[in-house]
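Structure first, commentary second.
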Amino acid sequence: MNSLSKRQREILDIVSDQGFAPIESLAQQFEVTPQTIRRDINKLCEHQLLQRFHGGAGRSSSVENVDYNDRRNILYQEKRLIAEMVAKHIPDRASLFINLGTTTEEVAKTLSGHKGLKVITNNLNVALIMSNNDCEVIVAGGMVRQRDKGITGEATVEFIKQFKVDYGIIGVSGIDEDGTLLDYDYHEVRVAREIINNARNIFLVTDHTKFNRNAMVRIADLSEIDAIFTDKKPSMAFQDLMKSKEVALYVTEPGQRNE
């Protein structure tokens, strides 16, 4: 999938914030025809980023994620910048968990200049990327999913429990406004849960579209992570929630990075 246009990204942001947006109001806001907005919405719906409803568009499904190959191309530049920012917070000779996700894969790519890392992952894509670096890669056992080369299952969960590492780098499918971290796959969530339990520092890497996005399975509460790395600041209400839970925010937008 080609990258989204500026207008399509803004439509996605509006629906994410409001939950639903009428076609007519979007057409007036962007000063284009309703037919143009319908084409934008159709493209976003084709890739499961929005749901089409009568007269407008709403948030994407809470039970089905976007195709993995499509997710790799959505907001690619933003994910790369997030990954570069995360890499600056990982020292040489650190131990890491890296779980499933297109943004976590970008983090793996940006760690190529680090020395002496020990990386534990249930993501075969991450394992292949990191195996070319000056580091030791340990791959979890379990069942390999064809769609994204993720490894999940009871054996994976038990494997992760054997370690205690410096950093856990995780991605999520959605972040509820109350600070609940969400995903679609129960088996994947169990692995993420053990990563959180067994890392001294938890870094959540996510693009801004995941804020207020629906997904049905609970991973953890915001208070259980140490920092969020993203490409745009969330709402002021969410920033206040982060401060109350002592979660650091790092944003790639110039002049908008908080420690």
Got a number for residues in region 11-41 being closer than 21 Å to Leu75 by Cα, open to solvent by 60 Å² or more (accessible area, probe 1.4 Å) and at pLDDT below 90?
2
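Conditions (1) of a type in the set (D, E, K, R); (2) part of a strand (DSSP E or B); (3) open to solvent by 10 Å² or more (accessible area, probe 1.4 Å); (4) farther than 14 Å from Val205 by Cα, marked per residue:
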{"position": "Ile82", "(1), (2), (3), (4)": "no, no, no, no"}
{"position": "Val86", "(1), (2), (3), (4)": "no, no, no, no"}
{"position": "His89", "(1), (2), (3), (4)": "no, no, yes, no"}
{"position": "Asp92", "(1), (2), (3), (4)": "yes, no, yes, yes"}
{"position": "Ala108", "(1), (2), (3), (4)": "no, no, no, no"}
{"position": "Ser112", "(1), (2), (3), (4)": "no, no, yes, yes"}
Listing of strands (runs of 3 or more DSSP E) fully contained in region 149-259 that carry 3 or more residues being surrounded by fewer than 18 Cβ atoms within 10 Å (Cβ to Cβ) and at pLDDT below 95:
none
Filtering region 50-71 down to residues that are at pLDDT below 80 and part of a loop (DSSP other than H, G, I, E, B) yields His54, Ser60, Ser61, Ser62, Val63, Glu64, Asn65, Val66, Asp67
Criterion first (part of a helix (DSSP H, G or I), of a type outside the set (Phe, Trp, Tyr) and surrounded by 23 or more Cβ atoms within 10 Å (Cβ to Cβ)) does Val119 satisfy it?
no
Starting from region 203-228, keep only residues that are touching a residue at least 60 places away in the same chain (Cβ under 8 Å), then list their pairs with residues that are in a strand (DSSP E or B) and among the basic types (Lys, Arg) whose Cβ atoms are within a distance under 8 Å, requiring at least 6 positions of separation or different chains.
Asn212/Arg59; Arg213/Arg59; Asn214/Arg59
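The values are calculated or read from the model by the stated rules, or taken from the named source; none is laboratory data. Computed from a prediction, not measured in an experiment: that's the story for all the values here. Cβ: placed from backbone, ideal geometry, glycine included. Neighbour counts: every protein chain shown. All accessible areas refer to the heavy atoms of the entire protein, side chains included, with ligands and DNA or RNA removed. Shrake-Rupley method; radii C 1.70, N 1.55, O 1.52, S 1.80 Å.
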